[in-house]
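The values are calculated or read from the model by the stated rules, or taken from the named source; none is laboratory data. Remember, predicted model here, so these are calculated numbers, not experimental data. Note: ideal-geometry Cβ built from the backbone for every residue, glycine included; neighbour counts use all protein chains shown. Ligands, DNA and RNA are stripped out before the accessible areas are found, and what is left, the full protein with its side chains, is counted by its heavy atoms. Shrake-Rupley method; radii C 1.70, N 1.55, O 1.52, S 1.80 Å.
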Amino acid sequence: MISSDPSPLPPARGPWVLRMQWHDLCFMHWAVNPDLIARTLPAGVEVDKRGGRAYLGVVPFRMSGVAPRLTPAVPRLSAFPELNLRTYVTVDGVPGVWFYSLDIPEALPVVLARTFFHLPYSLAQMWMHREHGVTRYASARTQADAPAGRFAAAYRPVGPEFQAAPGSLDDWLTNRLALYSADKTGRVYRGHIQHTPWPLRRAEAEIAENTLADRLGIQLEGQPHLLHSERLDVRAWWLERVR
């Protein structure tokens, strides 16, 4: 049973180590049976639920300015599209994000993220283009040691910009300042991130293909809950072992 009053996020240790910007991001969320999610998580990581349901999110966006602290950005290593499949969890009552996959088109960041952050990054062929407010996005995973995953969609923001009301579903889905990952031995780590409140707009999307959750035995069907954000500046810290 997940507490309805999660423990606050402990403060990060030391200075942030990585900066980045996220652009043209679309949160696409589907409500799913939490039992299906629970069976995919390692020991000590529990499903975070909202109204008795878990959520799976597909999040396409573009990264820029990715660089370590006090280091300039480097072409090809600092700007690229990224596509995530994620859910929401707690560890010792502290909420955060759990990533099932993170796809990017550059090989070196895949190696670095897998090595230092224990995150399941994979190499993919990716294409992203924005014109007249519409972002068209396509990805096909090519990583040899990862399950297949394909995604193609077009999305756009609609309506005025807003910040999610505290306690709302929009806030619950987006206001996550911790990520969790596990190494090959099952040890669990927490990573802190920091940013200003999300500048959000409602969104419309047409999804032509989405097999990212097939590996979980889950079909993402029906219209998802959609939110869009133009840009967010983010800082990240080194991982800390929590279990």
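The candidate values were [x] 17.2, 52; [y] 17.3, 56; [z] 16.9, 47; the one computed from these coordinates for Rg and Dmax of the Cα atoms in Å carries the label [z].
When a 1.4 Å probe is rolled over the protein heavy atoms, the share of accessible surface on the stretch 1-157 that falls to carbon and sulfur comes to 57 percent.
With a cut-off of 10 Å between beta carbons, the residues surrounding residue 162 carry a summed charge of 0, where Lys and Arg count +1 and Asp and Glu -1.
A helix-only calculation puts the chain at -2500 deg cm²/dmol for mean residue ellipticity at 222 nm, using -39500 (n - 2.57) for each DSSP H run of at least four residues, averaged over all residues.
Quantify, in whole percent, the carbon and sulfur part of the accessible surface of the stretch 166-243 (1.4 Å probe; protein heavy atoms only). Don't skip to the end; give the middle numbers.
On the way: 1830 of 3940 Å².
Carbon with sulfur: 47 percent of the solvent-accessible area.
Relative contact order of the chain: 23 percent, from C-alpha pairs under 8 Å at least 6 residues apart in sequence. Run the dipole for the stretch 90-239 about the Cα centre, Lys and Arg Cβ at +1, Asp and Glu Cβ at -1, nothing else charged, and hand back the magnitude in debye, nearest 20. With Lys and Arg at +1 and Asp and Glu at -1, about 300 debye. In this rough spin-label picture, where each label sits 7 Å from Cα along the Cβ direction, the residue 169-residue 187 distance is 4.0 nm.
Each 10 Å bin from zero holds the following percent of Cα-Cα pairs in the stretch 107-187: 14, 27, 36, 21, 2. Model label points for residue 142 and residue 73, set 7 angstrom from Cα along the Cα-to-Cβ axis, are 2.4 nm apart. Accessible area ranking (1.4 Å probe, heavy atoms, ligands and nucleic acids excluded), largest first, for 172, 238: 238, 172.
Using a/c under 1.5 as the rounded threshold, could you call the stretch 74-137 rounded, prolate or oblate? The axes a ≥ b ≥ c are square roots of the C-alpha gyration tensor eigenvalues, and prolate needs a/b larger than b/c, oblate otherwise. Oblate, since a/c reaches 1.5 and b/c is not below a/b.
Mind checking the per residue accessible area of the stretch 132-219 for me, 1.4 Å probe, whole number of Å²?
Counting only protein heavy atoms, the per-residue value for the stretch 132-219 is 51 Å².
Taking a quarter of the surface of the Cα convex hull of the stretch 160-218, what do you get in nm²?
Numbers: hull surface 26.6 nm².
Here the figure is 6.6 nm², rounded to one decimal.
The C-alpha atoms of the stretch 1-88 occupy a region whose extents along the principal axes are 45, 30, 21 Å, arranged from largest to smallest. Be a star and scan the stretch 152-170 for residues whose amide nitrogen sits under 16 Å from the point 7 Å along the Cα-to-Cβ vector of residue 209. Once the point is set 7 Å along Cα→Cβ of residue 209, 152-154 turn out to lie under 16 Å by backbone N, inside the stretch 152-170. Net charge near residue 212, counting Lys/Arg +1 and Asp/Glu -1 over other residues with Cβ under 12 Å of its Cβ? Net local charge, residue 212 excluded: +1. Taking trypsin sites (Lys or Arg not before Pro) across the stretch 71-142, the ones in a DSSP loop with at most 14 further Cβ atoms lying within 10 angstrom of their Cβ are 76.
Before anything else, pin down the relative contact order of the stretch 142-243: Cα pairs under 8 Å, at least 6 apart, normalised by residue count, whole percent. Write down the numbers at each step before the final one.
Values: 154 pairs, mean separation 39.0, N = 102.
That works out to 38 percent.
Which FRET efficiency, nearest 0.05, do residue 240 and residue 219 yield, Cβ-Cβ r, R0 35 Å? My answer for the efficiency is 0.50.
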